[in-house]
1. Please determine, by comparing only the residues of segment 224-262 that are modelled with pLDDT of 70 or more and assigned to a loop (DSSP other than H, G, I, E, B), which one is nearest to the chain's Cα centre (by Cα).
2. So is PHE372 at pLDDT below 85 and either surrounded by fewer than 24 Cβ atoms within 10 Å (Cβ to Cβ) or assigned to a loop (DSSP other than H, G, I, E, B) (or both) or not?
3. Collect the residues in segment 352-363 that are closer than 18 Å to ILE319 by Cα and surrounded by fewer than 24 Cβ atoms within 10 Å (Cβ to Cβ), keeping them in residue-number order.
4. Report yes if ILE97 is over 30 Å from PHE472 (Cα atoms), under 21 Å from the mean Cα position of the chain (by Cα) and not in a loop (DSSP other than H, G, I, E, B), otherwise no.
5. Could you count how many residues in segment 15-33 are outside any helix (DSSP H, G or I) and within 21 Å of the chain's Cα centre (by Cα)?
6. Please find, within segment 375-396, the residue that is farthest from ALA284 (Cα to Cα) out of those that are assigned to a helix (DSSP H, G or I) and aliphatic (A, V, I, L, M).
7. Scan segment 87-96 and give yes if some residue there is of a type outside the set (Gly, Ala, Ser), modelled with pLDDT under 75 and either surrounded by 24 or more Cβ atoms within 10 Å (Cβ to Cβ) or more than 30 Å from GLN335 (Cβ to Cβ) (or both), otherwise no.
8. Identify the residue in segment 471-496 that is of a type in the set (A, V, I, L, M, F, W, C) and modelled with pLDDT of 90 or more and, among all such residues, is surrounded by the fewest Cβ atoms within 10 Å (Cβ to Cβ).
Amino acid sequence: MQDLINQLNAIIWSPALIGLCLAAGLFFSIKTRFIQVRYLPEMIRLLRSNKSNSAGISSLQALTMSLAGRVGTGNIAGVAAAIGFGGPGAIFWMWVIAFLGAATAFVESTFGQIYKEELQGQFRGGPAFYIEKALGWKRFAQVFAVVTVVSAGFLMPGVQSNSIANAVTQALNDSSLVSASGFEMSGLITGIIAGALLTAIIFGGIKRIAKFTEIVVPAMAVLYVIIAVIIIGMHIDILPAIFGQIFSDAFSPMAGVGAAIGWGVKRGVYSNEAGQGTGPHAAAAAHVDHPAQQGMVQALSVYIDTLCICTATALMILIAGTYNVHAPEAGFLVQNLAADISASSPAFTQLAIEHHFPGFGSLFVAVALSGFAFTTIIAYYYIAETNLSFLMRNLNIPFLPVVLKLAIVAATFYGCVRTADLAWGLGDLGVGLMAWLNLIAIFCIFYRTRPALKALDDYSRQQDEGVEKFTFSPEALDIKNAHYWVKRNQEEKPKL
């Protein structure tokens, strides 16, 4: 099983996908005139908007729900894996893909808003919707929806729950509460608890999901960054050397420049999800005055995920020196820890914080990772459910949503008792498949009708005019099949 997954990932995550992710970010950055820099103040201002209605959630809730998907095990275990297999220089490439990926996130999330629908009293949208509406490729849209249901519902949750189980086990082992052979029992208990909590939340619908993530995600992220800032402050004198190491290793043969780029982009995409096609689902759920607004908010979430939280993790690990760097073939290029410590687990991060705060670090990371990973699983469920809704628009099969709920609970439990390498392999498979399909689609949409650029130019024009309330008219911009916005404008038109 592991060998098969590795072979498939070698094909899917070939240099072609790495190059496509970087090329997409650079292309959309140039076309939007680096919106991730020009509109940064506006992105922050838009977070103060708390508008919602019966069908949609607020921009802040959409941001936190999107961050629930972005901020997960990739920010802790994923960063460790990037360093463990690509060297410290991989962090530089995570920054690059985050900076460029913010423009990709703007484009795909703006698409999600433009082409969203209101289904059964809730806003729904995402790549499947904009592929069908903007390109007219119904079969391709259905393929994406099926791949996403399988990936988000079955393949990707195991990465998150496996990291929770590993973090809990590491914390208990460090506390001498369980023996080194206690993983099976710890995984079983963690799986039961995670499954029970997940069941209680996902059966409550999108409003409960949004409310949960609005509270949990910011609290966990802020607390995690505070701990990192304390550790960095304690070692501020060596910070220039740490950054020097990151920049120099980014282009050195530490683990091969290709490995640094590959692992940096791979784990960067897994963490911030720019171009993967997951962010537009949360973006479409928001109630906003103009699609470009939510595109900007989602671009900001990429910064928060990678430039803040991933960087915090990386600096804590590098300051403490609690990492190994695996050689491309066998052995280690750098070995600071025991050989049996997995680079695909949260152990590097736990040992780093434990190094600075003995008796506290492992437990804190276990709690933080559990919060991050659990909210990510919830976001995966929402994404899978949205694509199932897309496939079922003209069908009445009431038991399928229940089957999906039970399946993702089972996948979460399964991940708790599997090995880290298998869990990450399955997750990478899901992420890679979605990224290929979504990146191809957004390039084609951009070239055919350029709806994101039209929306951005329209928003800029209204901003220059100083309007009190932004509006969006797809007909005036020659954007077709934006049915929700056409209907909304008709309903809001003053009656004579």
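The values are calculated or read from the model by the stated rules, or taken from the named source; none is laboratory data. Nothing here was measured: the structure is a model prediction, and the numbers come from that model. With ideal geometry, Cβ positions are generated from the backbone for all residues, glycine too; neighbour counts draw on all protein chains shown.
1. By that ranking, first place goes to ALA250.
2. On the way: at pLDDT below 85: yes; either surrounded by fewer than 24 Cβ atoms within 10 Å (Cβ to Cβ) or assigned to a loop (DSSP other than H, G, I, E, B) (or both): no.
The answer is no for PHE372.
3. So in segment 352-363, the residues closer than 18 Å to ILE319 by Cα come out as 352-358, 360-362.
The answer is GLU354, HIS355, HIS356, PHE357, PRO358, PHE360.
4. Yes: the conditions hold for ILE97.
5. Start the filter on segment 15-33 by keeping residues that are outside any helix (DSSP H, G or I), which leaves 32-33.
Imposing the further condition that a residue be within 21 Å of the chain's Cα centre (by Cα) reduces the set to none.
Qualifying residue count, segment 15-33: 0.
6. Once the filter is applied, the top-ranked residue is ILE377.
7. Keep residues of segment 87-96 that are of a type outside the set (Gly, Ala, Ser), which gives 88, 91-96.
Now restrict to residues that are modelled with pLDDT under 75: none.
The answer is no, given that none of the residues of segment 87-96 is of a type outside the set (Gly, Ala, Ser), modelled with pLDDT under 75 and either surrounded by 24 or more Cβ atoms within 10 Å (Cβ to Cβ) or more than 30 Å from GLN335 (Cβ to Cβ) (or both).
8. Within segment 471-496, the first condition is being of a type in the set (A, V, I, L, M, F, W, C), and the residues that meet it are 472, 476-477, 479, 482, 485-486, 496.
If we keep only those that are modelled with pLDDT of 90 or more as well, we get 472, 476-477, 479, 482, 485-486.
Values: PHE472: 23, ALA476: 11, LEU477: 18, ILE479: 24, ALA482: 25, TRP485: 20, VAL486: 15.
Result: ALA476.
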